[in-house]
1. In the range 282-326, what count of residues is obtained for those that are surrounded by fewer than 19 Cβ atoms within 10 Å (Cβ to Cβ) and of a type in the set (F, W, Y)?
2. Can you pull out the residues in the range 205-228 that are in a loop (DSSP other than H, G, I, E, B) and open to solvent by less than 10 Å² (accessible area, probe 1.4 Å)?
3. So which residues in the range 153-166 are open to solvent by less than 60 Å² (accessible area, probe 1.4 Å), assigned to a loop (DSSP other than H, G, I, E, B) and not acidic (D, E), if there are any at all?
4. Exactly one condition in (1) more than 30 Å from A276 (Cβ to Cβ); (2) assigned to a helix (DSSP H, G or I) is false for L92; which is it?
5. For the list (1) buried (at least 24 other Cβ atoms within 10 Å of the Cβ); (2) in a loop (DSSP other than H, G, I, E, B); (3) of a type in the set (S, T, N, Q), I need the number of the one condition that S254 fails.
6. If you go through the range 119-152 one residue at a time, how many are outside any strand (DSSP E or B), touching a residue at least 24 places away in the same chain (Cβ under 8 Å) and more than 16 Å from the ligand (Cβ to nearest atom)?
7. Exactly one of (1) modelled with pLDDT of 95 or more; (2) touching a Leu at 6+ places or on another chain (Cβ under 7 Å); (3) of a type in the set (A, V, I, L, M, F, W, C) is unmet by I98. Its number?
8. May I ask you to list the residues in the range 39-52 that are over 20 Å from the mean Cα position of the chain (by Cα) and either polar (S, T, N, Q) or outside any loop (DSSP other than H, G, I, E, B) (or both)?
Amino acid sequence: MTDSSGTQIIHRFSLVSTAPPDPILGLTEAFLADQRPDKMNLSVGVYKDASGQTPVLDCVKEAERRLLETEKSKGYLPIDGSPEYRQAVQRLIFGEQIDLGRIATLQSPGGTGALRIAASFLASQLPSMRIWASNPTWANHHAVFASEGLPIESYRYLGADKTSLDFDGMIEDLSSNTKPGDAVLLHACCHNPTGIDPTIEQWDSIAQVLADKKLLPLIDFAYQGFGNGLREDSQSISAILRHHDEAVICNSFSKNFGLYGERIGALSFVTADENAAKAVQSQVKRLVRCNYSNPPRHGGAIVATILADDQLTQQWHQELGEMRDRIKRLREQFVSTMQNTGPGHDFSFLLQQRGMFSFSGLNKMQVDQLKADHGIYIVGSGRINVAGMQESKMDFFCDAISQVIAG
Ligand code: LMR
């Protein structure tokens with residue numbers, strides 16, 4: 001194309017092809033565009049209360065009230081975040097288990113931000129590393145590590161019955177296919193997407209295999225407190241730390257504080273000694289500086305305010321416990337409602353699973369049919385966000401599932 005003077009016009013952006021929608025967040029875009037009044041969004045991992053709202057926790061509201069009164073500045077945080085926040089994160093995740101001086105912690109924009117900075121650090125410092133992820137894993141894991149050029153491989157995780165852990169397959173893959181220096185991506189609790197976690201004895205064996213093969217544990221810890229409790233859910237990390245001097249932990253406060261849109265998480269490197277921790281911290285800061293410069297303040301200020309105050313912390317524990325218990329009740333209600341929709345609709349395996357998600361076992365065609373015929377959105381893999389179910393819509397939801405199963 002040319003302009004009136006005959007000069008050729010180049011429209012660079014006209015050559016850009018359209019990317020496919022995100023397999024999880026893209027479904028919410030489609031859901032929002034859906035005009036059907038009975039539609040249900042059980043795709044993205046967001047907790048909803050009985051009225052279908054994603055609530056702001058009372059402890060968060062109270063912390064925000066206090067911040068409104070006391071906050072004196074909106075100035076930049078340090079590149080690696082607020083020191084009070086970073087210490088609070090370390091105490092919450094690691095407790096008294098190890099010398100906190102060995103840990104380099106960074107305040108990150110959400111758990112995804114932590115994963116991406118971890119990937120960036122590993123790619124720059126340990127470029128021959130491969131990342132081993134469970135099959136299946138969170139849909140975004142592959143994209144995050146691939147974006148930093150790190151090859152990502154899979155180890156077996158979901159059993160052939162699609163309802164239980166293939167522990168032997170997992171151990172065999174980790175022992176035989178990996179090479180020393182690789183990293184193994186593990187979900188500390190509430191495995192996303194399956195809801196299937198190893199037992200504590202199995203965690204010990206996993207930690208041992210990783211140590212024997214000199215593999216780096218790389219832990220995604222996005223659901224602390226959504227499984228069996230704050231301390232119980234970190235037993236996997238304790239098992240890892242019993243066998244390893246080094247580990248990387250990416251944690252998120254989206255779910256357990258309900259701070260999704262505040263984008264607040266942390267990245268912690270457990271290192272062999274304080275000198276290593278300081279060096280790692282300095283390198284991670286360089287990566288952040290040329291990426292988003294320094295983290296947003298508000299989410300971290302909320303978490304630090306709550307964790308610095310005994311009463312607010314108690315309130316948080318209680319509200320988190322209520323969310324956890326309600327998710328368990330929703331699992332029970334779903335299983336019993338499915339049983340009532342017809343013989344053979346046995347979903348009791350959901351009762352063994354933990355956290356927000358479960359694998360329904362529905363295939364891609366059935367998932368598409370749920371969307372097309374009933375306005376019900378779940379992830380293409382068959383993953384259901386149990387934490388998004390509503391008691392009052394359970395009959396509608398289960399009827400729809402039994403119809404798609406019947407074909
Ligand atoms: C999910 O898996 O649905 C959540 O972790 C939200 C996300 O960013 O994908």
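The values are calculated or read from the model by the stated rules, or taken from the named source; none is laboratory data. The shown structure was predicted, so the numbers you read here are calculated from the model rather than taken from an experiment. Note that each Cβ is placed from the backbone with ideal geometry, even for glycine, and that neighbours are counted across all protein chains shown. Calculation scope for accessible area: heavy atoms of the full protein, side chains included, ligands and nucleic acids excluded. Shrake-Rupley method; radii C 1.70, N 1.55, O 1.52, S 1.80 Å.
1. 1
2. L215, Q224, G225, F226, G227
3. Those that are open to solvent by less than 60 Å² (accessible area, probe 1.4 Å), assigned to a loop (DSSP other than H, G, I, E, B) and not acidic (D, E): Y157, G159, T163, S164.
4. (1)
5. If we test S254 against (1) buried (at least 24 other Cβ atoms within 10 Å of the Cβ); (2) in a loop (DSSP other than H, G, I, E, B); (3) of a type in the set (S, T, N, Q), just (1) comes out false.
6. Within the range 119-152, residues that are outside any strand (DSSP E or B), touching a residue at least 24 places away in the same chain (Cβ under 8 Å) and more than 16 Å from the ligand (Cβ to nearest atom) number 13.
7. (1)
8. Selection gives M40, S51.
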